[in-house]
Every structure is written in structure tokens, then in C-alpha cells.
Amino acid sequence: MKKIILFVSLFFVIHISSAQQTWFIGGTACISYLDNFTFALEPQFGYEFSDKWAIGTGVGFTLVSDDFTYLIGIAEPFIRFCTWHNDRVFIDLKATAGFGFDKVLELCQIGITPSLRFRINEHWDMAADIGLFGAQYTYYGRWRPAFGINAASAGLWFAYRF
């Protein structure tokens, strides 16, 4: 196991050491009404090691109003790997670990999120997350598989690269 971790770490360091590096900020905002009213705001920031690798996090909140209104804080660190790209279009896989909490942990999810990213110009990107393949923990105390596309696992976000 140690050899595998060492090999992956070495490959990662060698692969990203020769590429361009840049900071980015961005995020997403969402308003929806299905069974309840939901407003979410999640700024994101991170660092692109190359066109292939990036690391970052999103922090924000979700306001949900159904029988009563409650606010959930969100933290979602991620590692993004680009599987294919040309000059404008990128197909990414993001490994995410998301946490939602108010007074207690409401939701925890880990998994892989496919993403389609479009480079508008040299500074602006627009991307759509398309589903989640992983697992979720809910407040009720159980882990369950998370697979597919729903309102919580799909999103549109923008990023500005410095």
C-alpha cells in the first residue's frame, strides 16, 4: 500500500511540476422550488496546477423553507482532474467531499462528479456539474449510495482565473 501511495504521489508531483499554475475564484448561486423553496450560494476558490489538475473548495450556505425555514452551512473541498480537453472544452472528474451542517451535521457526501467546462476566454470558465457517483450520510444516521442526477448533484458555476 505504501508503494502505491508513493507512486501516485510521485506521479502527481512530476505531472504538475512542468505546467502552468494559476489561482481561480468563482462559484454558483441557485434558486429553486420543487417541494420547498431553496436558495443556495456557494463561492469557490482554488489553485490550478495545470490544465489537468486543480484543487479547491467551496464554502457557502443553503436556505430551505418548507414547514419551517432553516439555514445549512456548506463546505465542499474538491480535486479536479481533466480527462480530455481541446482549446475551449474540458471534460473533468471532480472528487468531492461535501458537508452540510446547521447545529449538527445534516449531510455528508463523498464521490466523483463529472463536469463539462467551457473556457469563455483566457480568464473566464463556465462549467456544469452532471451528477454524483458516491455515498451520502444523512442526519438520520445512515450512509446510502448516491448515484445519478438530481437538483443537489447538478449545478452551473463560473470561475475567474488570475
- [ ] Return a yes/no flag: does segment 74-84 have any residue that is farther than 26 Å from S32 by Cα and in contact (Cβ under 8 Å) with a residue 60 or more places away in the chain.
- [x] no
- [ ] Please determine, by comparing only the residues of segment 27-36 that are without any contact (Cβ under 8 Å) to a residue 40 or more places away in the chain and under 21 Å from A75 (Cα atoms), which one is surrounded by the fewest Cβ atoms within 10 Å (Cβ to Cβ).
- [x] I31
- [ ] Give the residue that is surrounded by the fewest Cβ atoms within 10 Å (Cβ to Cβ), with candidates limited to residues of segment 124-143 that are at negative phi and not in a strand (DSSP E or B).
- [x] Y140
- [ ] Please name all residue pairs, on different chains or six or more residues apart, with Cβ atoms under 9 Å, provided the first residue is in segment 127-143 and is without any contact (Cβ under 8 Å) to a residue 40 or more places away in the chain and more than 21 Å from L93 (Cα to Cα) and the second residue is assigned to a strand (DSSP E or B) and among the charged types (D, E, K, R).
- [x] Y137/R144; T138/E106; T138/R144; Y139/E106
Task: Matching residues, segment 149-159, being modelled with pLDDT of 85 or more and loosely packed, with under 12 Cβ neighbours inside 10 Å - done: none
- [ ] Go through (1) touching a residue at least 24 places away in the same chain (Cβ under 8 Å); (2) closer than 18 Å to A127 by Cα; (3) over 15 Å from the mean Cα position of the chain (by Cα) one by one and return the number of the condition D66 breaks.
- [x] (2)
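So that you can scan it fast, the table gives a plain yes or no per residue for (1) hydrophobic (A, V, I, L, M, F, W, C); (2) more than 22 Å from W143 (Cβ to Cβ); (3) buried (at least 18 other Cβ atoms within 10 Å of the Cβ); (4) in contact with a strand residue (DSSP E or B) (Cβ under 9 Å, 6 or more places away or on another chain):
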| position | (1), (2), (3), (4) |
| --- | --- |
| V59 | yes, yes, no, yes |
| D66 | no, yes, no, yes |
| I72 | yes, no, no, yes |
| I79 | yes, no, no, yes |
| T83 | no, yes, no, yes |
| G100 | no, no, yes, yes |
| L105 | yes, no, no, yes |
| Q109 | no, no, yes, yes |
Open item on the list: Going through F45, F49 one at a time, which residue ends up being surrounded by 14 or more Cβ atoms within 10 Å (Cβ to Cβ), under 15 Å from the mean Cα position of the chain (by Cα) and not aliphatic (A, V, I, L, M)?
Closed with: F45
- [ ] For I112, state whether it is at pLDDT below 85, over 15 Å from P43 (Cα atoms) and either under 15 Å from the mean Cα position of the chain (by Cα) or of a type in the set (V, I, T) (or both).
- [x] no
Open item on the list: Residue under question is A146, and the condition is that it be without any contact (Cβ under 8 Å) to a residue 40 or more places away in the chain, of a type in the set (G, A, S), assigned to a strand (DSSP E or B) and surrounded by fewer than 18 Cβ atoms within 10 Å (Cβ to Cβ); does it hold?
Closed with: no
TODO: Residue by residue through segment 85-98, note down the ones that are under 14 Å from A127 (Cα atoms) and buried (at least 18 other Cβ atoms within 10 Å of the Cβ).
DONE: F90, D92, K94
Task: Residue list for segment 101-130, restricted to those being small (G, A, S) and under 18 Å from Y160 (Cβ atoms) - done: S115, A127, A128
Open item on the list: For the list (1) buried (at least 16 other Cβ atoms within 10 Å of the Cβ); (2) modelled with pLDDT of 90 or more, I need the number of the one condition that I55 fails.
Closed with: (1)
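The values are calculated or read from the model by the stated rules, or taken from the named source; none is laboratory data. Quick caveat, the model's predicted, so the values are computed rather than measured. So basically every Cβ, Gly included, is an ideal-geometry build from the backbone, and we count neighbours across all protein chains shown.
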